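Colleague: Here it is, the structure in full.
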Amino acid sequence: MEEVDVEPALTLVPGVAPGRGRLHFQWGPGEMLVCEAAFPGAGHGEKGPGCPYIHVLRKDQDIHLHTLRKLFNESHGIFVGLQRSDEELSGKSRKAQLVGVSKNYRSVIRACMEDMHQMAISTRDPALHNQYSTQVSILSAMELIWNLCEILFVEVAPAGHLLLHLLDWVRLHVCDVDNMVREVLSSENPSKHELFWNVVDIFVLQGRMEDARHLLSKEATANPTSKGMCKILDDLMKKMPILGLGNTQTLTEMELKWQHWHEECQRYLQDGTFASNPHMESICKILLGDENAILEKKELMTTWYHFLVTHLLYSHPAVKPVELRFYAQSSLDQFLGGENSPEPLDTILMAAFEFEIHQVIKECSIALSNWWFVAHLTDLLDHCKLLQSHNLYFGSNMREFLLLEYASGLFSHHSLWQLGVDYFDHCSEYGRVYLELHIERIPLTTEQKALKVLRICEQRQMHEQVRSICKIMAMKALRNNRLGSALSWSIRAKDAAFATLISDRFLKDYCERGSFSDLDLIDNLGPSMLLSDRLTFLGKYREFHRLYGEKRFSEAARLLLMLMTAHIAPCSFWMTLLTDALPLLEQKEVIFSAEQTYELMRCLEDLTAGKLDNQKLQDDDIETTKVEMLRLAFARNLARAIVKEGTLEGS
């Protein structure tokens, strides 16, 4: 979404000087907590210039990180697309659609992670480097968790295929081997490199048999004495049965082949075929699924879930989803060995392997620093029909609760609030209420921003918010003496009282300056002038001036008289209207008829007698002169009109 809003101006918050009062906390705009620290350095947050002990603590700090803007913006499009997707699809079509959405989310996470990694490399500021590196670690963990949830909950891979997905998962997220491989292969004699067998081991541990066989061929070439062992080990790797994604063989056939292959590996190990080469013997033990042999490579695997997948690959290749929890817990216990307690990431992954979806969401909500991850993951899982039975005790379901929290955080940002609107739109129970409350808190710093907010409210028939925004903008314009803009906003708000006030200001300015400002607006009021009597008068009075300028004197005279006799004109403006009649009375052609002249004379007498609203004439000398001039002009015009009308009757 295009972001046109500028960074908001800094507002200094006055507070009691430290040491002179108690510790104060106050909620500021945009869900900020403003606190006065009792001493320098207390708390963490931003310090405003001139307020050395005022700290700003934001509820969702990540929302304000510029580096994560890409994550929020691009995932918004994926989210909206998912809500509008064709839910009538079923079976494989719907599943493929949801898997595609999940991969799109992961691609956004990875793109942001790569951008952050480049920034961490390029920056020379140690603080920024630490910040970017921390964000890379968080994003990496997010992708790791999301990918596992995709395999287990969205893809719902069956036995056999499940292990292939888990292998891809490990290979994607354990990528330290790549640098090691480049270092080994770029050396003059790769098989003699100190890391050669480490690389071979990692390839085997990750099930990358082709890569492992390629390196073994270099060992066979460099050491003819080990050529026979390399050939046997190569054959074992080549024969290892794997149930490919496009393979038509059944799971039973694959298990039977795997059993025969396993027995062959066992036979070579027992015969002492690799006894003279500890590295190859260790690899053969790994192929047999020997837990001790695999655990010896603990430093190469680095994580318990890598150990889990390797153990499953060589011991239980046809593992079923429901069996994962037992193997996962065993692998975690063996890998940690009771020396270390599980990290939050370990707890989350274990909950996923146990198919405890709600526990995954709960632990992620606690461990991660923002609501983005849990909101989007929960929404995806809800579309997979996995959360339908889980409602929260306070009325909203889990999906809606998390989306509301995430969108509320977006509304604390000066431009990302626009994304939050769509999230509220797709929360059927409380979304509109939240949107109404949050949209009223948006600072209307510019007219462009106000129009943007107004358009959102009008599209959703939020009439009360539309009126509120228009009134606020009208008042701002009036304070800045921008009468045209103020009138336009008051008309849009359908606020008759405020339109009357601004119309009076227009008339007052006209009396002082002798001309109207914002003629285009007044000339094109149209039906809007009926909002209030004063606005109607303003529009009609401007029409009188236009008719007079076009020398349409008869129409101008009728309109002027109507404004007075119909009591549309305010009493304070009658003298101005009567004075405007003078040029028409002095025309060579008789404009006002005798009857119209009598009406003008009656209006003048009502004004001078003070009958209307007890109006008193001010500046007696000037007003008396005006009255005498008007009476004289009325008398002369009356005589001319009687003569003209009598002549017409006689003829």
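The values are calculated or read from the model by the stated rules, or taken from the named source; none is laboratory data. Just so it is clear, the structure is predicted and the values come from calculations on it, not from any experiment. No Cβ is skipped: glycine too gets one built from the backbone with ideal geometry, and neighbour counts run over all protein chains shown. Only protein heavy atoms, including side chains, enter the accessible area calculation; ligands, DNA and RNA are left aside. Shrake-Rupley method; radii C 1.70, N 1.55, O 1.52, S 1.80 Å.
Colleague: How many of the residues in the range 155-164 are open to solvent by 10 Å² or more (accessible area, probe 1.4 Å) and within 20 Å of Gly91 (Cα to Cα)?
Modeller: Matching residues across the range 155-164 total 5.
Colleague: Take the conditions over 25 Å from Thr303 (Cα atoms) and open to solvent by less than 30 Å² (accessible area, probe 1.4 Å) and apply them to Leu233. Does it pass?
Modeller: It is true that Leu233 is over 25 Å from Thr303 (Cα atoms) and open to solvent by less than 30 Å² (accessible area, probe 1.4 Å).
Colleague: Just need a number here: residues in the range 336-377 that are closer than 26 Å to Asn73 by Cβ, hydrophobic (A, V, I, L, M, F, W, C) and part of a loop (DSSP other than H, G, I, E, B).
Modeller: Adding up the residues that qualify gives 2.
Colleague: Exactly one condition in (1) under 22 Å from Ile63 (Cα atoms); (2) open to solvent by 60 Å² or more (accessible area, probe 1.4 Å); (3) in contact (Cβ under 8 Å) with a residue 60 or more places away in the chain; (4) not charged (D, E, K, R) is false for Phe401; which is it?
Modeller: So the condition that Phe401 fails would be (3).
Colleague: Has the range 170-183 got at least one residue that is at pLDDT 90 or above and in a helix (DSSP H, G or I)? Steps first, please.
Modeller: Within the range 170-183, the subset at pLDDT 90 or above is 170.
Still in the running and in a helix (DSSP H, G or I): 170.
Within the range 170-183, one or more residues are at pLDDT 90 or above and in a helix (DSSP H, G or I).
Colleague: Check Gly395 against each of (1) modelled with pLDDT of 95 or more; (2) open to solvent by 10 Å² or more (accessible area, probe 1.4 Å) and name the one condition it does not meet.
Modeller: If we test Gly395 against (1) modelled with pLDDT of 95 or more; (2) open to solvent by 10 Å² or more (accessible area, probe 1.4 Å), just (1) comes out false.
Colleague: Just to verify a result, which residue in the range 279-302, among those that are at pLDDT 90 or above and β-branched (Val, Ile, Thr), is surrounded by the most Cβ atoms within 10 Å (Cβ to Cβ)?
Modeller: Looking at the filtered set, the residue picked out is Ile294.
Yes/no matrix, rows are residues, columns are (1) modelled with pLDDT of 80 or more; (2) under 19 Å from Thr565 (Cα atoms); (3) part of a loop (DSSP other than H, G, I, E, B):
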| site | (1), (2), (3) |
| --- | --- |
| Pro583 | yes, no, no |
| Leu617 | no, no, yes |
| Glu623 | no, no, no |
| Arg640 | yes, no, no |
| Val643 | yes, no, no |
| Glu649 | no, no, no |
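Colleague: Under the condition of being open to solvent by 20 Å² or more (accessible area, probe 1.4 Å) and hydrophobic (A, V, I, L, M, F, W, C), which residue from the range 114-126 is farthest from Phe72 (Cα to Cα)?
Modeller: Ile121
Colleague: From Leu57, Leu68, Leu89, grab the single residue that is of a type in the set (A, V, I, L, M), assigned to a loop (DSSP other than H, G, I, E, B) and modelled with pLDDT under 90. Steps first, answer last, please.
Modeller: Working: Leu57 fails: assigned to a loop (DSSP other than H, G, I, E, B); Leu68 fails: assigned to a loop (DSSP other than H, G, I, E, B).
So the residue among Leu57, Leu68, Leu89 that is of a type in the set (A, V, I, L, M), assigned to a loop (DSSP other than H, G, I, E, B) and modelled with pLDDT under 90 is Leu89.
Colleague: I want to confirm something. Restricting to the range 179-230 and keeping residues that are without any contact (Cβ under 8 Å) to a residue 12 or more places away in the chain, more than 22 Å from Leu166 (Cα to Cα) and of a type in the set (Asp, Glu), which single residue is surrounded by the most Cβ atoms within 10 Å (Cβ to Cβ)?
Modeller: Taking the candidates together, the pick is Glu194.
Colleague: In the range 207-225, which residues are touching a helix residue (DSSP H, G or I) at 6+ places or on another chain (Cβ under 6 Å) and either closer than 17 Å to Leu288 by Cβ or among the hydroxyl-bearing types (Ser, Thr, Tyr) (or both)?
Modeller: Listed by number, the residues that qualify are Gly207, Met209, Ala212.
Colleague: Would it be correct to say that Phe516 is under 26 Å from Gln596 (Cβ atoms) and in a helix (DSSP H, G or I)?
Modeller: So Phe516 fails the test.
Colleague: Which condition number does Met562 fail, the rest of (1) closer than 24 Å to Ala450 by Cβ; (2) among the aliphatic types (A, V, I, L, M); (3) surrounded by fewer than 19 Cβ atoms within 10 Å (Cβ to Cβ) being met?
Modeller: Failed condition: (1).
Colleague: Which residue, of Arg513, Arg492, Arg455, Arg460, is touching an Asp or Glu at 6+ places or on another chain (Cβ under 9 Å) and open to solvent by 10 Å² or more (accessible area, probe 1.4 Å)?
Modeller: Residue meeting the stated conditions: Arg460.
Colleague: Let me ask you something else. Any chance you could count how many residues in the range 558-569 are of a type outside the set (Lys, Arg) and out of contact with any helix residue (DSSP H, G or I) (no Cβ under 7 Å at 6 or more places or on another chain)?
Modeller: Going through the range 558-569 one residue at a time, the tally reaches 3.
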